[in-house]
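Written out below as structure tokens is the structure these notes cover.
The values are calculated or read from the model by the stated rules, or taken from the named source; none is laboratory data. Note that the coordinates shown come from a computational prediction; the quantities given were computed from them, not determined experimentally. No Cβ is skipped: glycine too gets one built from the backbone with ideal geometry, and neighbour counts run over all protein chains shown.
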Amino acid sequence: MPLDPKTKDRIVTTGVVIAVLVLFLPVVLPFFPSIRIETRGPSGRLSCLNNQKNVTLALMNYASQNDDTLPPPYIADENGKPMHSWRVLLLPLLDQRELYNQYRFDEPWNGPNNSKLAKRMPRCYACPDRHTKNSTTTNYLLPVGPNAAFTPGVERTLDEISKADGQGNTILILCDPNSNVNWLEPRDFEVETADLKALFKSAQHERKTGYWSSEMGLHIFYADGLGGILPATTPVEVLKALFTFNGGEVIPKEYQW
């Protein structure tokens, strides 16, 4: 059945609008800080950032429901031994209430019951290119340490971070493409003992697989909810400053989003 002229005009107009959006969206996105996400490079890179953003929003939603308090990096037993990860606490906020209800807090993360849940890791806890069937490894880690956004045994609030270095100058979560952390495991990125240069070396290694583009860097989200990629040229001193919430360091403007 032939199309009438008006219908043809609408189809042509729609096609032109879509073409313009495709051409100019990468250009205009940087001017909107609320979506400060790198769009260049392989599509998996953007999807990885999107997953990380969803987890970041869940962290912030957790705080909004708990008197502005961020989740603990882990729940410990009476002897201080880490037992349960923050990733379990976020499950209800990630549409995973059923999985959360099946988790048992009266046994360790790798106990008889909880071990069976490991292969049911929510897809948002890993970069899409790293999430294979029955995968149990997460790529998203919290910076943990005495002066980091997350300190074991300390109830940290977003307001506390805001009044110190500022939410926009404090890393809330990072992505390690070569992480070996089980998503249920109460283990994250230990800032005090970590080789910060190795984070960028990891990104350089991934370039060989085609996962990263030539504009390599570290996927991070700040405590204000904004995120993106720190370039591999970021000085270690700046990275250290961003990992502290109360260091009082002066952050160069190019790293302030």
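How many of the residues in segment 60-105 are under 20 Å from residue 189 (Cα atoms), among the basic types (Lys, Arg) and part of a helix (DSSP H, G or I)?
Final tally of qualifying residues: 1.
Of everything in segment 114-136, what is more than 19 Å from residue 89 (Cβ to Cβ), of a type in the set (S, T, N, Q) and in contact (Cβ under 8 Å) with a residue 12 or more places away in the chain? Give them in sequence order.
Scanning segment 114-136 gives 134, 135.
Scanning for something modelled with pLDDT of 95 or more and surrounded by 21 or more Cβ atoms within 10 Å (Cβ to Cβ), does segment 62-69 turn up at least one residue?
Taking every residue of segment 62-69 in turn, none turns out to be modelled with pLDDT of 95 or more and surrounded by 21 or more Cβ atoms within 10 Å (Cβ to Cβ).
Those residues that are more than 14 Å from the chain's Cα centre (by Cα), more than 15 Å from residue 243 (Cα to Cα) and of a type in the set (A, V, I, L, M, F, W, C), I need them from segment 127-164; list them, please.
154
Are there any pairs with C-beta distances below 6 angstrom linking a residue in segment 211-232 that is under 25 Å from residue 71 (Cβ atoms) and crowded, with 24+ Cβ neighbours inside 10 Å to a residue that is of a type in the set (Lys, Arg) and at pLDDT 65 or above, with the two at least 6 apart or on different chains, and if so which?
227/53
In segment 106-126, which residues are more than 15 Å from the chain's Cα centre (by Cα) and not in a loop (DSSP other than H, G, I, E, B)?
114, 115, 116, 117, 118, 119, 120 - these are the residues of segment 106-126 that are more than 15 Å from the chain's Cα centre (by Cα) and not in a loop (DSSP other than H, G, I, E, B).
If we keep just the residues of segment 173-197 that are out of contact with any Phe, Trp or Tyr (no Cβ under 6 Å at 6 or more places or on another chain) and among the β-branched types (Val, Ile, Thr), which is surrounded by the fewest Cβ atoms within 10 Å (Cβ to Cβ)?
Selected residue: 193.
Tell me which residues, restricted to segment 183-238, are aromatic (Phe, Trp, Tyr), modelled with pLDDT under 75 and either within 30 Å of residue 76 (Cα to Cα) or part of a loop (DSSP other than H, G, I, E, B) (or both).
If the condition is that a residue be aromatic (Phe, Trp, Tyr), modelled with pLDDT under 75 and either within 30 Å of residue 76 (Cα to Cα) or part of a loop (DSSP other than H, G, I, E, B) (or both), then 211, 212 are the ones that fit.
Scanning segment 127-181 for residues that are assigned to a strand (DSSP E or B) and not aliphatic (A, V, I, L, M), which turns out farthest from residue 63 (Cα to Cα)?
Out of the qualifying residues, it is 137.
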